[in-house]
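Colleague: I have a structure I would like to understand better, so I am pasting it below and will then ask my questions one at a time.
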Amino acid sequence: MAGECSLSFVTVDNKCHPALTKLNVSAANYSGLLTTITWVLHGMNVRVQHGVIRTADDGFAEDTLWVTNTYGKKLSDATASMLRERLQEFVVYCEPQDTTPQEWVSDNVEVSNSAHPQWTQLIIRGEPPRHGFLLQVASVLSGTGAVLHEAFIQSCDPQEAYSTQPGIAGAPP
């Protein structure tokens, strides 16, 4: 089965929220999936404002991101369509290499393999005010061989933070 690839599904919705474009990526999860998604977003100058990243027990990722352009504006229909097409091209699952994530702590980043019996826990406190931070985080995760099961992205600004609880889909107001 190693080396086989499967298709992924990408949808965009510009009607469900007045200020954000909703992006859904459904794919067999693998190390580097989030890196690929954020690489495409970064290359198209798209910024994640809110997101829920989950992987079901069967290994299928369901990632929902609410995005804007770099100016904080909702994507145009043409840009949203182009984003969907570009992600559809790049987000393909191929059997990953077997790797083991490392456990470490550095400044405001904690990675723990002992916090949960089955999963590695990653906590990042604070976000530098620069474009591409999520891409950098995803690249590090990919480099360590990590595959996300569940993640929540929240603004560092208390005025913009959304209530998100583990196991419950979060959505901006």
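The values are calculated or read from the model by the stated rules, or taken from the named source; none is laboratory data. Worth saying up front: this structure is predicted, and the values here are computed from it rather than measured. Reconstructed Cβ throughout: ideal geometry from the backbone, glycine too, with neighbour counts over all protein chains shown. In case anyone asks, the SASA skips ligands and DNA or RNA and just uses the protein heavy atoms, side chains included. Shrake-Rupley method; radii C 1.70, N 1.55, O 1.52, S 1.80 Å.
Each row is one residue, and each column tells you yes or no for (1) touching a Pro at 6+ places or on another chain (Cβ under 8 Å); (2) more than 18 Å from ILE153 (Cβ to Cβ); (3) among the polar types (S, T, N, Q).
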{"residue": "LEU7", "(1), (2), (3)": "no, yes, no"}
{"residue": "ASN14", "(1), (2), (3)": "no, yes, yes"}
{"residue": "ALA19", "(1), (2), (3)": "no, no, no"}
{"residue": "TYR30", "(1), (2), (3)": "yes, yes, no"}
{"residue": "ILE37", "(1), (2), (3)": "no, no, no"}
{"residue": "VAL40", "(1), (2), (3)": "no, no, no"}
{"residue": "GLY43", "(1), (2), (3)": "no, yes, no"}
{"residue": "VAL52", "(1), (2), (3)": "no, no, no"}
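Colleague: So, one more: Contact list please: Cβ distance under 9 Å, first residue in segment 65-86 and in the same structural domain as GLY51 (by the TED database) and closer than 20 Å to THR35 by Cβ, second residue acidic (Asp, Glu) and crowded, with 18+ Cβ neighbours inside 10 Å, pairs at least six apart or on different chains.
Modeller: Correct list of pairs: empty, since none qualify.
Colleague: Would you say VAL46 is over 15 Å from GLN88 (Cα atoms), β-branched (Val, Ile, Thr) and touching a helix residue (DSSP H, G or I) at 6+ places or on another chain (Cβ under 7 Å)?
Modeller: Details: over 15 Å from GLN88 (Cα atoms): yes; β-branched (Val, Ile, Thr): yes; touching a helix residue (DSSP H, G or I) at 6+ places or on another chain (Cβ under 7 Å): yes.
The answer is yes for VAL46.
Colleague: Using the structure shown, decide if LEU134 is modelled with pLDDT of 75 or more, outside any loop (DSSP other than H, G, I, E, B), assigned by the TED database to the domain that holds SER31 and surrounded by 17 or more Cβ atoms within 10 Å (Cβ to Cβ).
Modeller: When the stated conditions are applied, LEU134 does not pass them.
Colleague: Need a quick list: strands (runs of 3 or more DSSP E) entirely within segment 1-115 having at least 3 residues that are at pLDDT below 90 and either open to solvent by less than 50 Å² (accessible area, probe 1.4 Å) or farther than 16 Å from LEU141 by Cα (or both).
Modeller: Numbers: elements: 9-13, 21-28, 46-55, 60-69, 104-106, 109-112.
Of the strands (runs of 3 or more DSSP E) lying wholly inside segment 1-115, those with at least 3 residues that are at pLDDT below 90 and either open to solvent by less than 50 Å² (accessible area, probe 1.4 Å) or farther than 16 Å from LEU141 by Cα (or both) span 109-112.
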